[in-house]
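Engineer: Here it is, the structure in full.
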Amino acid sequence: MRNSLVLILGLVLPGLLMGQNSDPTRPAITGISHMSLYADDLPKSEAFYASLLGWDQVPATGAKSGVRFYANHLQYIELLSPPRPDMINRLDGIGFVTKDAEALRMFLSVHGVAVPEAVTVERDGSRSFLTHAPEGNQVEFTQPGHSARKPKNASESLSSHIIHIGMVARDRAVLDRFYKDLLGFHLYWQGGSSAGRTDWVMMQVPDGTDWLEYILLQPAEPSRWQFASANHFAPGVASITELQKRLVARGWTPTSHERPPLLGADGKWQLDLFDPDGTRAEFMEFKPVKEPCCSPYTGTQPGPSATW
């Protein structure tokens, strides 16, 4: 009987250990990679991103034809030609940087998330894969390659760090199960336009200072303008006052939508610009100048990119 028990344990225990080891550990997710948007008039958009914002312009890679504007060697805004005219929602997808794309692909697969059979390897050695968040938005995770890009003229850039991206969000609990419970994002700050409301939920990446902002309480059928304002990106700056001076020196004059600088509910100064398709570029100071309303900050404040 004893020999039989030893034999059974010898067969079962290795299987149990293999089962434990088959559940991979989530690799680090360190920040924002990019935001991809549809643009109706690429030359007009180039004037905004390259001439006004001062970001490096390079052709997009892969199957899609378009153009990228780099804030630093890891982060960019990608503009694509729309698949059909007059699209209301201009968002194609968002992206984050990971230390190990293949390990993250396996991690998500084990947890029931649909992923491709393999990562895509680019000529620069970067590895990436696409998946979808619960509300349907396309999400790409990228492991950077070995050939870091160098700016053509870094002094022309108005910001070297995209500190957050935002998107229309319907069900916070559903999104939290993906970003918070599975991927390890954590609450950075949340607040609303009035007492008792939560309009903005900022979820910081688990291994960095960038964050994803859920824009809640949108109408059931947002207009193109509402989509473009909610699906936004935020370049970080040390001083909104200095930013405004640089913009004016480049011939910028505010449109009817571009308000004067304002102090947000999160205690940070910001200035909204809008690209030719209406997408909001929410320039924001890295550090708050007062205590935020609604809730305290629970994460490290961002700063200029140290890798550009």
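The values are calculated or read from the model by the stated rules, or taken from the named source; none is laboratory data. Owing to the predicted nature of the structure, the values given are computational and were not obtained by experimental measurement. Every residue, glycine as well, gets a Cβ built from its backbone with ideal geometry; the counts of neighbours run over all protein chains shown.
Engineer: Specify the residue that is surrounded by the most Cβ atoms within 10 Å (Cβ to Cβ); the eligible residues are those in the stretch 50-70 that are more than 23 Å from Thr120 (Cα to Cα) and touching a residue at least 24 places away in the same chain (Cβ under 8 Å). Working first, answer last.
Structural biologist: Within the stretch 50-70, the first condition is being more than 23 Å from Thr120 (Cα to Cα), and the residues that meet it are 50-56.
From what's left, touching a residue at least 24 places away in the same chain (Cβ under 8 Å): 51-56.
On the way: Ser51: 13, Leu52: 17, Leu53: 22, Gly54: 21, Trp55: 27, Asp56: 22.
That would be Trp55.
Engineer: So the check is Cβ under 9 Å with 6+ separation or different chains; which pairs have a first residue in the stretch 199-224 that's without any contact (Cβ under 8 Å) to a residue 12 or more places away in the chain and a second one that's surrounded by fewer than 17 Cβ atoms within 10 Å (Cβ to Cβ)?
Structural biologist: Glu221/Ile88
Engineer: Is it the case that the stretch 243-252 has a residue that's part of a loop (DSSP other than H, G, I, E, B) and without any contact (Cβ under 8 Å) to a residue 12 or more places away in the chain? Don't jump to the end; show me each part of the working.
Structural biologist: Of the stretch 243-252, the ones part of a loop (DSSP other than H, G, I, E, B) are 250-252.
Now narrow it down to the ones that are without any contact (Cβ under 8 Å) to a residue 12 or more places away in the chain: 251.
Yes.
Engineer: Within the stretch 76-86, is there a residue that is assigned to a strand (DSSP E or B), touching a helix residue (DSSP H, G or I) at 6+ places or on another chain (Cβ under 7 Å) and at pLDDT 95 or above? If you could, list the steps in order and put the result at the bottom.
Structural biologist: Of all residues in the stretch 76-86, those assigned to a strand (DSSP E or B) come to 76-80.
In the following step, the residues that additionally are touching a helix residue (DSSP H, G or I) at 6+ places or on another chain (Cβ under 7 Å) were identified as 77, 79.
Filter again for at pLDDT 95 or above, leaving 77, 79.
Yes; the residues of the stretch 76-86 include at least one that is assigned to a strand (DSSP E or B), touching a helix residue (DSSP H, G or I) at 6+ places or on another chain (Cβ under 7 Å) and at pLDDT 95 or above.
Engineer: Say we look at the stretch 189-242 and pick out the residues that are under 13 Å from Ala169 (Cα atoms) and charged (D, E, K, R); which of these is surrounded by the fewest Cβ atoms within 10 Å (Cβ to Cβ)?
Structural biologist: Here the residue is Glu221.
Engineer: Still on this model: So Pro304 fits all but one of (1) part of a loop (DSSP other than H, G, I, E, B); (2) closer than 25 Å to Gln226 by Cα; (3) not polar (S, T, N, Q); what number is the exception?
Structural biologist: So the condition that Pro304 fails would be (2).
Engineer: Moving to a separate point now. If a residue has to be touching a helix residue (DSSP H, G or I) at 6+ places or on another chain (Cβ under 9 Å) and crowded, with 18+ Cβ neighbours inside 10 Å to count, how many in the stretch 101-112 make the cut?
Structural biologist: First, pick out the residues of the stretch 101-112 that are touching a helix residue (DSSP H, G or I) at 6+ places or on another chain (Cβ under 9 Å): 107-108, 111.
Now restrict to residues that are crowded, with 18+ Cβ neighbours inside 10 Å: 107-108.
Total satisfying the criteria: 2.
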